[in-house]
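No lab work stands behind these numbers, since they all come straight from the coordinates. Just so you know, these numbers come straight off a predicted model, no measurement behind them. Every residue, glycine as well, gets a Cβ built from its backbone with ideal geometry; the counts of neighbours run over all protein chains shown.
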């Protein structure tokens, strides 16, 4: 696929599938053997597995994925810099609702195969999320 087509697929993945909460698009956007690589959420495989994994964040914080930048990276890769935003209104990762607003920085690398996303590597600011929810200490200010 071209860089333009890969960029369009990545945008659709984040905007229509994730933000639009359109789980029915999973099989259309991802290969049957889709693999999600995230040290915070291990063992996620297949389109429906991923749809279930992100539902936790969609439900827990009303998550929205704000795309900040999409960078084509060769014929089969796209890098997406994004932020997850929302309000913590339901249990998330065992943490009862706090009502706090969150904003979490992240980077995803998507590998495209046959016009679909085959693999997804994601690194997101888990510590920042926990700090914003008040369950991890904030860093102390450093004197200049």
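For the chain, the longest principal axis of the Cα atoms and the long axis of helix 3-12 meet at an angle of about 50 degrees.
When the Kirkwood hydrodynamic radius is evaluated over all pairs of different C-alpha atoms of the stretch 59-131, what value in angstrom, to one decimal, is obtained? Its Kirkwood hydrodynamic radius stands at 13.4 Å. Over all Cα atoms in the chain, the spread is summed up by Rg and Dmax: 15.8, 53 Å.
Per-residue counts of other Cβ atoms within 10 Å, averaged by peptide: what ranking do you get for 42-48, 95-101, 84-90, highest first? Could the numbers behind the result be given before it?
On the way: 42-48: 14.3, 95-101: 12.3, 84-90: 16.9.
Order by mean packing, descending: 84-90, 42-48, 95-101.
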